[in-house]
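Okay, structure first, notes after.
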Amino acid sequence: MHYSIIPIKGVLKRSLKEETEIRNEIKSYIAMSGWTLTDIVKEMNKTRSEKEQTTTQNISNKLTRGTIKCSECKEIAEIIGCDIKWAKRG
């Protein structure tokens, strides 16, 4: 899957379609793994300081807006037993 980045006033922005695809892809991997977002957030918070704790609503909002960090995606992937791989096209 290839994502295009659209520059808007000096800020990189994904299209709404791409944000929806990203959200749906991550949510489908979570569902297929048998985890719930609530349980994933509980697991994420086990390794975070009190100041860095997150909430289910926060992660859900980031998925909806398409603003989830790569590090958070990697953390979720680790919890559900998946790898995120970058592969050269072609």
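Pairs to check: Lys27/Lys74; Lys17/Lys85; Lys42/Lys69; Lys27/Lys85; Lys17/Lys42. Give those whose C-alpha atoms are more than 20 Å from each other in this structure.
Pairs exceeding the cut-off: Lys17/Lys85; Lys17/Lys42.
The fewest-to-most ranking of Asp39, Asp83 by surrounding Cβ atoms within 10 Å reads Asp83, Asp39.
Stretching Arg48 away from Glu25 to a fully extended chain increases their span by 5.8 nm, per 0.36 nm per residue minus the current alpha-carbon distance.
Bear in mind that the values in this text are calculations on the coordinates, not laboratory data. Since the model is a prediction, treat every value here as computed from it, not as a measurement. In this analysis, Cβ positions are derived from the backbone assuming ideal geometry, glycine residues included, and neighbour counts consider all displayed protein chains.
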